[in-house]
Amino acid sequence: METTTKRQALIKAINEQLELVYDDTLQEILLLLKIRKQEDELDERDFEEGLKDIEENGTLTWSEHQQKTA
């Protein structure tokens, strides 16, 4: 419940500031949010592929993991 209240307060504060910014700033914010969403989706996909690899091939050492992700 406390988290929801904090989130609502944060969203309200953001909305108040958004009302004051220029349109080009709003476009930049939207672009950044889209980029962040794409990055999160890629991270999730990579994580799921890593889990699948571990299930199929066993565990990896840290150096093996770094080589696969490089």
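Readers should treat all values here as calculations from the given coordinates under stated rules, not as data from a laboratory. Here the structure is a predicted model, which means the values were calculated and not measured. Here Cβ is always computed from backbone atoms with ideal geometry, including for glycine, and neighbour counts include all displayed protein chains.
Some observations on this one:
- log10 of Debye I(q)/I(0), alpha-carbon scatterers only, for the chain at 0.14, 0.16, 0.28 Å⁻¹: -0.71, -0.77, -1.18
- Computed extension length for ASP43-THR61: 4.5 nm, one decimal, from 0.36 nm per residue of separation with the Cα-Cα distance subtracted.
- Over all other residues within a Cβ to Cβ distance under 13 Å of HIS65, the charged ones net out to -3, with Lys and Arg as +1 and Asp and Glu as -1.
- Net charge, LYS37 excluded, C-beta distance under 12 Å - Lys, Arg +1, Asp, Glu -1: -3
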